[in-house]
Each structure stands twice: as structure tokens, then as C-alpha cells.
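To start, the structure under review is shown below, and the notes come after it.
Readers should treat all values here as calculations from the given coordinates under stated rules, not as data from a laboratory. Please read these numbers as outputs of a predicted model, since none were measured by experiment. Here the Cβ is made from the backbone with ideal geometry for all residues, glycine too, and neighbour counts use every protein chain on show.
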Amino acid sequence: MKRVVISGVGIYSTIGKNIEEVKNSLYNGHSGIGIDPNRKELGFRSSLTGIIERPNLKGLLSRRERIGLPEQGEYSYIATLEALKNAKIDMDFLEKNEVGILYGNDSSAIPVIEATDIMREKKDTTMLGSGSIFQSMNSTISMNLAVIFKLRGINFTISGACASSSHAIGLAHILISQGLQDIIICGGGQEINAESMGSFDGLSAFSTREDNPKAASRPFDRDRDGLVPSGGAATVIVESLDSALKRGATILGEVIGYGFSSNGEHISEPNVEGPKVSLRRALTHANISPKDIDYINAHATATPSGDIKEAIALFDIFGDYNIPVTSTKSMTGHEMWMGGASEVIYSLIMMQNSFIAPNINFENPDEQSAKLNIIPKTTERNINTFLSNSFGFGGTNSSLIISKFIK
């Protein structure tokens, strides 16, 4: 079995448009959450959201390439540009070598809405334009990036709700470790528009703490009242060790464990046993024990039930070792389809720079979170191995373990 490493990362998020900006935000506990007034006009209970600026791709892509990209595709393109540069992979390399893509995405709302509006108004499908279909398909990111970057390896989208991009990295690990691919572009993209979030708001899933947006996302805190939706894109270059060494790439970390499971119960209500299976499988795959984990980036979205269930699962497995735990969603909000990949990147940044970013807004633990070693302030700490959890609707669970590379 081949060893699998990470040779490049790129991000476009609410706490920074590149790795350097994100590093500073993580260290300083900066929140990327604000108010979208348009949501109240649409009947939302909550106007809280992650705030992000659309990138300008003119001069970077041709018009033909741009018209096929939806909002989350634009974020993903920028994140992938940075990741490839970080990995020392240029277009010449991509054209001469087989590189794959596994990208997480589970919605593309605006293109579908816009196409439906045009059809209803114009009664003429030819008015939809040639880019409509490529923006509206769930595989929009992987199909567009595969063409833009001339990719000839594996090419498909992982749709696993909020575990999508974590599963993408895990599946890439399997393919590369078995020698089926050498390099795979992994990641996740998440649209941040109001239209894509209405049904979540209708479930009363969002925080309504609008008087203080920066304090609204409160993972593990007793006074949490729901998640804050967010988005952007994150790209992780996953590669065989042999390939990375041959290219002279800088190795940022080694993927050593991937765990997965399905709760098999309620479609939106999490349980404890499913995450525990995912966690144990990741540890078994990595051939390590719970005490070997130095930091856990929890899924914890600040929902009343979800945080409790995860806290119980984490304590059951890691409770004897007082391992530091935070949820970076306290700063970013819930980045949904991109969250697995972005939180791997956030954790890699911490590992490279020897600190643990704070779980901001953690002021009062509840009965279960009080049992965990949740870090409320930036803490200098050497991290050799971390674990990142991602769970999603339908009971899908993914746990990744990544360590510093040692020859």
C-alpha cells in the first residue's frame, strides 16, 4: 500500500481569501460572520451568514470557461489555483500527466432557479443560454475544473451532505494507496446565496442571534441556538509519497486514517453510535490509539442536539486523554459541503505553525461539553497528528486523521 500525502492546499473562505489570510484569522480568532439584509425580505427567520466576496475571473478565464461556473465553482477555481501553485504543479505538468479530481458539492441552487424563472417568463428554453446546464448540475465543480485544468484522471463529484469534501479526501486516499492514481485534486465548494439556504432556515436550524453576529456561532456552548450558514471553497492536493518526492514537492502532511459510517436512523437527527464507528475505523485504519491524537477539529456546528451527540462520542473514545478540541465553525460558520476540506486545511495550518485556534464564543459548557478539553483561546501547541470530523444529513459520517510527514 502506497503512503498518501498532502502536497498543496488552497482556500477561499469567509476568514480569508488565501492561506496567509486564513492563518492570521485562525490565530487571532477572527469571525467571518455577518448579516445579509436580503434574507429578511425573503422571509428568513435569520439573516446571519458567512460573508464572502465573489472573485473577479475576467483575465483569468475565457468567457466560455466563465459561463459554465456557478458561484461555488468560482470559489473552487480560485482555491484550486492556489493549491496547485502551492504544490508546484503547473499547466504543463497537468497536460503531460494524469491527475484526477474528486470534489465535494451537494447543491447548485441559483442556476436552477434562474433557468426556471426564464422558462416561466419567456416560454422559450433557447433563452437559457449554453452555460445553464453546466452550472446547474450537481457535478458542476468537478466537470468545470476538469476541463479548465485539462485533467485526465478520475473525475466525479462526492455528494455526502456536510461530509462531502471529507469523503473526497478519504476516497482519494484509498485510490492512491492502491496505486490507481498518483495525484488527485480534492476539495469542496459551497454556495453562500440566500436562495440555497431557505429550506435550512425553514427547519429553524439557524441561529437568530442577530444583535451580535460575531458571537452567533457557538459550538459546544450551553447557550448556542443553531448554526450559521457559510461557504466558499477549499482544495487539497492529495498525492502518493513516491510522486511527491519525485516532483520535489513540499509535503504538508500525511493522510494516515479515514473512517466512515452511516447512522441508519433519522434523516436529520444525529446519533452517537454512527460517529463512534467512524472514529474507531479511522483510528484502526491509521493503526494508532486515541492517545496518539494531539488535536481534534470537531464537526460541532452549534446545533443543540448535534454538539451533544458528538461530545458524547468524543468523550467515549478520547475521554481518558484530555485531547484539545475546537470547532473552527465558531469563526467560519458552517461551510457545509466544503467544511471537511476546509477544516483539514485549518488544522494543517495549526500543525505547521504550532498553535490551536480558539473555539470562540465558548463561555459556558453544557453537561457533555464540560467533559471535553475545549480550547477557548489561541494556544501555542505542537501538533503531530490531528483528527477532523465531518457529519451530514442522512447520517453520513467521515473522520480523517492526518500527521506530520516523517520519512
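Here the translational diffusion coefficient of the range 302-388 follows from Stokes-Einstein with Rh set to the Kirkwood radius across Cα pairs; for 25 °C and 0.890 mPa s it amounts to 181 µm²/s.
Taking GluC sites (Glu not before Pro) that fall in a DSSP loop and have at most 16 other Cβ atoms within 10 Å as cut points, what is the longest piece of the chain between them?
99-209
Using every pair of alpha-carbon atoms in the range 1-96, split the distances into 10 Å bins beginning at 0 and state the percent of pairs per bin, rounded to integers. Pair shares across the bins are 13, 31, 33, 16, 5, 0.
Extension gain, D90-K246: 0.36 nm per intervening residue step, less the Cα-Cα distance, totals 54.6 nm.
Here the range 83-160 is treated as a Stokes sphere of Kirkwood radius computed over C-alpha pairs; at 10 °C and 1.306 mPa s its diffusion coefficient rounds to 111 µm²/s. The P(r) of the chain has a tail past 37 Å containing 16 percent of all C-alpha pairs. Extending 7 Å from the Cα toward the beta-carbon at both K377 and I174 defines two label points whose distance is 4.4 nm.
Using θ = phi - 60° in the Karplus curve 6.51 cos²θ - 1.76 cosθ + 1.60, the 3J(HN,Hα) couplings for the range 139-148 round to 8, 3, 5, 5, 5, 5, 5, 4, 6, 4 Hz; x is entered for Gly and Pro. Over the range 4-247, the pair-distance histogram of Cα-Cα distances with 5 Å bins from zero comes to 1, 6, 12, 16, 18, 16, 13, 9, 5, 3, 1, 0 percent, rounded to whole numbers. If you take all other residues with their beta carbon under 10 Å from the beta carbon of D201, and give Lys and Arg +1 and Asp and Glu -1, the sum is +2.
One quarter of the surface of the convex hull around the alpha-carbon atoms of the range 258-403 equals 7.5 nm², the direction-averaged projected area.
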